[in-house]
Amino acid sequence: MITMMNRFLTLALFFVSVPFLTAAESNTLTEQEKAEGYVLLFDGSVLSPEYWGSGIDAYPVKDGMFYCKGGQLRTKKEYKDFVFRFQFKLMDGANNGVGIRAAEKGDPAYEGMEIQILDNFGLNYKNLQPGQYHGSIYQIVPSKRNAEKHDYLKPNGEWNEEEISAVGSHIKVVLNGETIVDADISKVELDEKTRKAHGGLHNPKGYICFLGHGSPVEFRNVRVKEIEK
């Protein structure tokens, strides 16, 4: 009886010490981010037309996050040099992406560039090319991988933190504190077929997009800082 009581008290203390985060608390800027000029693109309650230009209906909002039903969610304005931060939660077999410097028309993976969002260990993804795994600049620069550390991804169902920075031709991707891409795309050697297919790779500016493929991925705490050079 004493053991059961101790367990009950331990659980009670756990839930008291780990408060439930409201939608606003899950989607907020730190004081440092405010000072640095970050803009919060999602407040936890609505994808506002102030920040998002198209695809809002394809990404419903629920419980302080938005999730993909399929299709693209595109920012209202274009970005040149920036740091883009967001949190995401994968489910088994999840597949999405972040398009950056994307053109107004066409597939952002080619008319811009796509940073992969993927469940690397999904059963459907056993035979991928190096440039297709999570964090890679799709078909251009492979991300760093480490199977012992689960490729730096949290277990499916847990929140991950990612930062994508684009300054000139320098593209950097940081996943849960680990740098998995750090590349100068102006120095990447491509074969002629790939170079022609990715005609928007060197766009100086463009839209930021979430690129849904109909699989379940959740997002929250999306913020961006423009960099003036």
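The values are calculated or read from the model by the stated rules, or taken from the named source; none is laboratory data. Bear in mind that the values here come from a model prediction, so they are computed numbers and not experimental data. In this analysis, Cβ positions are derived from the backbone assuming ideal geometry, glycine residues included, and neighbour counts consider all displayed protein chains.
Out of the residues in region 173-187 that are more than 16 Å from ILE117 (Cβ to Cβ) and surrounded by 16 or more Cβ atoms within 10 Å (Cβ to Cβ), which is farthest from the chain's Cα centre (by Cα)?
Step one: filter region 173-187 for residues more than 16 Å from ILE117 (Cβ to Cβ), giving 177, 179, 182-187.
Filter again for surrounded by 16 or more Cβ atoms within 10 Å (Cβ to Cβ), leaving 183, 185.
Details: ALA183: 18, ILE185: 20 Å.
Here the residue is ILE185.
Can you tell me how many residues in region 51-96 are basic (Lys, Arg), outside any strand (DSSP E or B) and modelled with pLDDT of 95 or more? So the answer is 3.
Can you tell me how many residues within region 48-63 are touching a Ser or Thr at 6+ places or on another chain (Cβ under 7 Å) and either closer than 19 Å to ILE117 by Cβ or crowded, with 23+ Cβ neighbours inside 10 Å (or both)?
Within region 48-63, residues that are touching a Ser or Thr at 6+ places or on another chain (Cβ under 7 Å) and either closer than 19 Å to ILE117 by Cβ or crowded, with 23+ Cβ neighbours inside 10 Å (or both) number 2.
All of GLY157, GLY206, GLY199 fail the test of being under 30 Å from ALA23 (Cα atoms) and either more than 19 Å from the chain's Cα centre (by Cα) or buried (at least 21 other Cβ atoms within 10 Å of the Cβ) (or both), apart from GLY206. Scanning region 129-154 for residues that are exposed (fewer than 15 other Cβ atoms within 10 Å of the Cβ) and assigned to a loop (DSSP other than H, G, I, E, B) returns GLN129, ASN146.
Residue by residue, here is whether (1) in contact with a helix residue (DSSP H, G or I) (Cβ under 9 Å, 6 or more places away or on another chain); (2) assigned to a loop (DSSP other than H, G, I, E, B); (3) of a type in the set (A, V, I, L, M) holds:
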site: GLY157; (1), (2), (3): no, yes, no
site: ASN160; (1), (2), (3): yes, no, no
site: VAL173; (1), (2), (3): no, no, yes
site: ILE180; (1), (2), (3): yes, no, yes
site: HIS202; (1), (2), (3): yes, yes, no
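What's the total number of residues in region 76-135 that are aliphatic (A, V, I, L, M) and within 19 Å of LYS172 (Cβ to Cβ)? Walk me through it before giving the result.
First pass over region 76-135, keeping only residues aliphatic (A, V, I, L, M): 83, 90-91, 94, 98, 100, 102-103, 109, 113, 115, 117-118, 123, 128.
In the following step, the residues that additionally are within 19 Å of LYS172 (Cβ to Cβ) were identified as 83, 98, 100, 102, 109, 113, 115, 117-118.
Final tally of qualifying residues: 9.
Pairs meeting the criteria (first residue in region 202-229 and at negative phi and without any contact (Cβ under 8 Å) to a residue 40 or more places away in the chain, second residue polar (S, T, N, Q) and surrounded by fewer than 22 Cβ atoms within 10 Å (Cβ to Cβ), beta carbons under 6 Å, at least 6 apart or on different chains) are lacking.
Any idea which of LYS229, LYS187, LYS144, LYS225 is more than 21 Å from ALA103 (Cβ to Cβ) and at pLDDT below 95? Just one listed residue meets the conditions, LYS229.
In the list SER48, SER17, which residue meets the criterion of being modelled with pLDDT under 95 and either polar (S, T, N, Q) or in contact with a Phe, Trp or Tyr (Cβ under 6 Å, 6 or more places away or on another chain) (or both)? Can you show your working first?
Details: SER48 fails: modelled with pLDDT under 95.
Going through SER48, SER17 in turn, just one is modelled with pLDDT under 95 and either polar (S, T, N, Q) or in contact with a Phe, Trp or Tyr (Cβ under 6 Å, 6 or more places away or on another chain) (or both): SER17.
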